Amino acid sequence: MEALVGRLRTLIDTCWDSFSAKVGGELITINKEASMQLQFAYILKNSIDLIIYHQDETLEIELETGIPINGRMRECDIVMQITKGTQKAYLPIEMKCYKELASSGGKRGATDIFFKDVYVDLELLESYAKNESYIQGIQLVMTDFERIPFPKVRKGKFWDYDISDTKSITDGIHLMTPIGGFEVDIKLQGSYEFKWTTSGTYYFLKLENMK
C-alpha cells in the first residue's frame with residue numbers, strides 16, 4: 001500500500017504540472033472552481049493506469065464525496081480511493097480557484113474570503129486525516145490575480161491569512177481574525193510551505209502537510 005500511495009502522490013504532482021501548463025497555454029479554460037475540479041479530475045483519471053503495477057491494485061476517483069467531520073458531513077472536491085489487496089485508503093483533494101474578473105466582466109472582490117477559505121480547506125484536510133483509512137490530503141489552488149501570490153503591499157487585517165509566495169507555517173497556527181463580518185476560528189497543527197508557480201497569466205499552488 002505504501003508504494004502505491006507514493007506512486008499516486010507522484011502522479012498527482014505530474015497531473016497538476018500538466019493541468020497548470022495547459023491552463024497557462026490556454027488549452028484549458030477555467031471559469032470557476034467547478035471547471036477546475038472537472039478538468040483536473042479528467043487528466044488524473046486518464047493517467048491512473050500508468051501507476052497500476054499489480055492485479056490487486058485499483059485507484060478510483062470520487063467527486064464531491066461526503067466525509068464526516070465532528071458529526072456533520074463535509075463535501076470534499078476529489079477523493080482518491082486506493083485499494084491494495086484487502087487494504088483500502090482514501091486520499092482527499094481540496095481545490096480553490098479565484099479569478100480577478102467575474103463572468104460579468106466586473107471585479108470579483110472578496111479576496112479576503114478567498115484567503116481565509118484556503119486556510120479553512122487546510123483545516124478540513126487535517127480533520128479528514130483523523131478518519132479511519134483517510135491519509136493526509138492535498139490542496140490545489142489557482143488564480144490569475146498576481147497580487148495574491150506576489151503582493152506589492154500588504155494592507156488589511158486579512159493578511160493574517162497570508163497565502164503569498166514564500167509564506168510558511170511551522171507546527172500549526174491559530175487564526176481568529178474576523179472576515180466579512182463573521183467570526184473565524186481556524187486551528188492548524190501541520191507545517192506548510194507556500195510555493196507558487198507561474199504558467200502564462202496564471203499562478204498555481206500545491207499544499208500538503210509536511211509533518
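The values are calculated or read from the model by the stated rules, or taken from the named source; none is laboratory data. What you see is a predicted model, and the numbers here were worked out from it, not measured in a lab. Cβ: placed from backbone, ideal geometry, glycine included. Neighbour counts: every protein chain shown. Protein only, heavy atoms only, side chains kept; ligands, DNA and RNA dropped before computing areas. Shrake-Rupley method; radii C 1.70, N 1.55, O 1.52, S 1.80 Å.
Grab the other residues whose beta carbon is less than 12 angstrom from that of Glu62, score K and R as +1, D and E as -1, and report the net.
Summing Lys and Arg as +1 and Asp and Glu as -1 gives -3.
Sequence gap at least 6, Cα distance under 8 Å: using those rules, report the relative contact order of the range 1-95 to the nearest whole percent.
Normalised by residue count, the contact order of the range 1-95 is 24 percent.
Could you sort Met80, Met210, Met1 by their accessible area in this structure, using a 1.4 Å probe and putting the largest first?
Descending accessible area places them as Met210, Met1, Met80.
Filter the GluC sites (Glu not before Pro) in the range 98-190 to those in DSSP coil with at most 16 other Cβ atoms within 10 Å of their Cβ, and list the result.
Glu100, Glu132, Glu146, Glu183
Can you flag which of Lys45/Lys211; Lys88/Lys211; Lys107/Lys130; Lys22/Lys157; Lys130/Lys152 are past 32 Å Cα-Cα?
On the way: Lys45/Lys211 28 Å; Lys88/Lys211 22 Å; Lys107/Lys130 39 Å; Lys22/Lys157 35 Å; Lys130/Lys152 38 Å.
Among Lys45/Lys211; Lys88/Lys211; Lys107/Lys130; Lys22/Lys157; Lys130/Lys152, the Cα-Cα distance tops 32 Å for Lys107/Lys130; Lys22/Lys157; Lys130/Lys152.
Mind telling me which of Met95, Met142, Met176 comes out most flexible in a GNM of the chain, alpha-carbon contacts under 10 Å?
The residue with the greatest mean-square fluctuation here is Met176.
Using Cα atoms only, what is the angle between the long axis of helix 33-45 and the major principal axis of the chain, expressed in degrees (0 to 90) to the nearest 10?
So the inclination is approximately 30 degrees.
Please report the Cα spread of the range 119-158 along all three principal axes, rounded to whole Å, starting with the longest.
43, 22, 9
Roughly what angle does helix 2-24 make with the longest principal axis of the chain, taking Cα atoms, 0 to 90 degrees, to the nearest 10?
Its long axis makes an angle of about 40 degrees.
Can you give the accessible area of Asp49, probe radius 1.4 Å, in Å² rounded to 10?
Number for this one is 130 Å².
With a ≥ b ≥ c the root eigenvalues of the C-alpha gyration tensor of the range 22-120, is it rounded (a/c under 1.5), prolate (a/b larger than b/c) or oblate?
Taking the square roots of the gyration eigenvalues as a ≥ b ≥ c, the range 22-120 is oblate.
Counting only other residues whose beta carbon sits under 13 Å from that of Trp159, what net charge do I get with K and R as +1, D and E as -1? Don't jump to the answer; show the numbers that get you there.
Details: positive: Lys116, Arg147, Lys152, Arg154, Lys155, Lys157, Lys167; negative: Asp112, Asp160, Asp162.
Every neighbour counted, the sum reads +4.
Going out from 0 in 5 Å bins, what whole percent of all Cα-Cα distances in the chain drops into each bin?
The calculated distribution, bin by bin, is 1, 6, 15, 18, 20, 17, 12, 6, 3, 1, 0, 0.
Suppose accessible area is computed on protein heavy atoms with a 1.4 Å probe; arrange Arg154, Arg7 from highest to lowest.
The most accessible residue leads, giving Arg154, Arg7.
Write down the radius of gyration of the range 107-195 and its Dmax, each obtained from C-alpha positions, in Å.
According to the Cα coordinates of the range 107-195, Rg and Dmax are 13.5, 43 Å.
Any idea what angle helix 111-128 forms with the longest principal axis of the chain, computed on alpha-carbon atoms, 0 to 90 degrees, nearest 10?
30
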